[in-house]
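What follows is a set of notes on a single structure, which appears directly below.
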Amino acid sequence: MLTPFAAKAQVLLDQPETASRETMEIGSSTSEIAITSDFAGADLTIFGALSNTDELLLAIGQYDIVVVLEGPRENATVRRKERVFGIWVNTRSMTFERVPEAYSLSSTRAIDNITAPLELNDRGIGMDHIPLTPIGSVGNAANLTEFRQAFRRLQEASGLYERDPSGVRFVSSSLFKASLRLPADVPNGVHTVRAYLFKSGKFITEKSLPLRVIKTGIEQTITDAAHERPITYGIFSVLLAVFTGWTASYIFRKN
């Protein structure tokens, strides 16, 4: 008598495991960006494919994708200038721990319409949700909010932080394409492409891949010399400046 019920219970327990969860794979148009003297920025294309999706939910737009390009992480200091006796001087500053030097975001729609702000904060998705953790004493909490807003405003004004709420689009029922912009002064180093998949406002999965940004030619030679042989580089720079100044004065001197 117990055997049929045990078998039936086993079947019922196994049923949820048969449901396939959505998966995502991504790739980029290139794995390396070369910075030359005439580099004026570049567009990076990300391709992706979804599997095991619900066709009905896909048709009514319940799947959303956010693609982010994060630059190398470094400490960032924000300084506030105030006028003291007619002179603008730095009066206060705050340093944030390991923030992306560059940040570009594209999505199927505005991220605030994709999921709840708490989810965005937990995963650090979006310019307004990047963790900005101060180093040292903060003091007044109002100062923290002020410096966080100033950091985001300055990064966006310089073009290092960008967002495009319509930069991701589906090219077929399961394939999507995203465009990300790299500014002209994109920092050197290893960047990270991250793609997030949401279904009906709930996070499903995440994929990432690296992107190398390197300087080439004379720019790379100068950078390597400055970091690997700083004393020699400094002496050479001084001698070059002296020689250039003397040559210019000799050529343009009055008879």
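The values are calculated or read from the model by the stated rules, or taken from the named source; none is laboratory data. These numbers were taken from a predicted model, which means no experiment stands behind them. Cβ coordinates were reconstructed from backbone atoms using ideal geometry, including for glycine residues, and neighbour counts include every protein chain displayed. To get the accessible areas, we keep the full protein, side chains included, count just its heavy atoms, and leave off ligands, DNA and RNA. Shrake-Rupley method; radii C 1.70, N 1.55, O 1.52, S 1.80 Å.
If you check every pair at least six apart or on different chains, which have Cβ atoms under 6 Å apart with a residue in the range 83-103 that is more than 23 Å from G159 (Cα to Cα) first and a residue that is part of a loop (DSSP other than H, G, I, E, B) and modelled with pLDDT of 90 or more second?
Correct list of pairs: empty, since none qualify.
Being open to solvent by less than 20 Å² (accessible area, probe 1.4 Å), touching a residue at least 60 places away in the same chain (Cβ under 8 Å) and outside any loop (DSSP other than H, G, I, E, B) is true for just one of L197, L120, L154. Which residue is that? First the steps, then the outcome.
Numbers: L120 fails: touching a residue at least 60 places away in the same chain (Cβ under 8 Å); L154 fails: open to solvent by less than 20 Å² (accessible area, probe 1.4 Å).
Of L197, L120, L154, the one residue that is open to solvent by less than 20 Å² (accessible area, probe 1.4 Å), touching a residue at least 60 places away in the same chain (Cβ under 8 Å) and outside any loop (DSSP other than H, G, I, E, B) is L197.
Please tell me if L160 is farther than 20 Å from V67 by Cβ and either touching a residue at least 40 places away in the same chain (Cβ under 8 Å) or within 18 Å of the chain's Cα centre (by Cα) (or both). Explain how you work it out, then say what you get.
On the way: farther than 20 Å from V67 by Cβ: no; either touching a residue at least 40 places away in the same chain (Cβ under 8 Å) or within 18 Å of the chain's Cα centre (by Cα) (or both): yes.
Against the criterion (farther than 20 Å from V67 by Cβ and either touching a residue at least 40 places away in the same chain (Cβ under 8 Å) or within 18 Å of the chain's Cα centre (by Cα) (or both)), L160 does not qualify.
Every residue, every condition in (1) at pLDDT 95 or above; (2) open to solvent by 70 Å² or more (accessible area, probe 1.4 Å), yes or no:
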site	(1), (2)
F5	no, yes
S20	no, yes
I26	yes, no
T36	no, no
I60	no, yes
V67	yes, no
N75	yes, yes
T91	no, no
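Return the residues of the range 157-179 that are open to solvent by less than 70 Å² (accessible area, probe 1.4 Å), assigned to a loop (DSSP other than H, G, I, E, B) and among the polar types (S, T, N, Q); say none if nothing qualifies.
Listed by number, the residues that qualify are S158, S172, S174.
Just to check your reading of the model, which residue among V78, V99 is touching a helix residue (DSSP H, G or I) at 6+ places or on another chain (Cβ under 7 Å), assigned to a strand (DSSP E or B) and not aromatic (F, W, Y)?
Details: V99 fails: touching a helix residue (DSSP H, G or I) at 6+ places or on another chain (Cβ under 7 Å).
Just a single option satisfies the conditions, and that option is V78.
So, in the range 201-255, how many residues would count as being at pLDDT 90 or above and open to solvent by 80 Å² or more (accessible area, probe 1.4 Å)?
Residues meeting the conditions: 3.
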